[in-house]
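The values are calculated or read from the model by the stated rules, or taken from the named source; none is laboratory data. Just so we're clear, the structure is a prediction, and the values are computed from it rather than from any experiment. Note that we place each Cβ from the backbone using ideal geometry, even for glycine, and neighbour counts take in every protein chain shown. We work out accessible area using only protein heavy atoms, side chains counted, and drop any ligands, DNA or RNA first. Shrake-Rupley method; radii C 1.70, N 1.55, O 1.52, S 1.80 Å.
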Amino acid sequence: MRIKTLAALAMTLLFVALALNVPVAAADQQSGVWKMDPAKSKYDPGPAAKSITLKIESDGDNIKYSSDGIDAAGNPTHMEYTAKYDGKDYPITGNPNADTVALERTDDNTIRSTLKKDGQVVMTVTSVVSNDGKTRTSTFKGKNAKGQDVNNILVYNKQ
């Protein structure tokens with residue numbers, strides 16, 4: 001009886017060990033909750049948003065992105081998309097300047113987003129996470145809905 005109990009215990013431990021070794025889609029550097037640091041961010045043209053919080057879930061191949069904030073006039077904002085890092089267009093909601101986004105990963109810490117409105121590129125955003133994983137800097141280049149040149153640099157801190 002004792003041998004059967006030990007054998008059952010050994011088999012249980014083996015199954016647990018195997019289950020713990022099953023590979024799981026690992027989160028990458030982009031993943032997490034990020035809050036904009038208004039003191040370090042620069043808006044050209046302004047005015048600057050009062051706050052922005054990003055929630056990003058990424059496994060290196062896919063990304064789920066949502067952004068909530070308060071614009072310069074005090075109005076709430078919300079934008080979101082789900083996409084792959086394959087350079088193809090995916091729908092984006094909540095952005096008055098764009099209706100699709102295409103993503104490319106340039107290295108482990110950097111993604112390039114191409115925003116389009118009615119099939120025309122309106123903005124490119126390069127987002128780089130620092131090596132220590134604590135800071136995310138997004139550089140926006142393009143045109144806004146008014147046709148003005150946009151050169152924004154937004155700095156986010158990981159929460």
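Annotations for the structure displayed:
- Total residues in region 54-69, condition within 15 Å of residue 127 (Cα to Cα) and open to solvent by less than 50 Å² (accessible area, probe 1.4 Å): 8
- Unique match (being surrounded by 14 or more Cβ atoms within 10 Å (Cβ to Cβ), hydrophobic (A, V, I, L, M, F, W, C) and not in a strand (DSSP E or B)) among 83, 48, 102, 72: 48
- Selection of region 130-143 for residues being within 16 Å of residue 41 (Cβ to Cβ) and open to solvent by less than 40 Å² (accessible area, probe 1.4 Å) yields 130, 136, 138.
- Failed item, numbered, when residue 95 is tested on (1) closer than 20 Å to residue 124 by Cβ; (2) part of a strand (DSSP E or B); (3) of a type outside the set (Ser, Thr, Tyr); (4) open to solvent by less than 50 Å² (accessible area, probe 1.4 Å): (2)
- Here residue 49 clears all of (1) in contact (Cβ under 8 Å) with a residue 24 or more places away in the chain; (2) closer than 15 Å to residue 104 by Cα except the condition numbered (2).
- Candidates 154, 115: the one that is surrounded by 17 or more Cβ atoms within 10 Å (Cβ to Cβ), farther than 18 Å from residue 52 by Cα and over 12 Å from the mean Cα position of the chain (by Cα) is 115.
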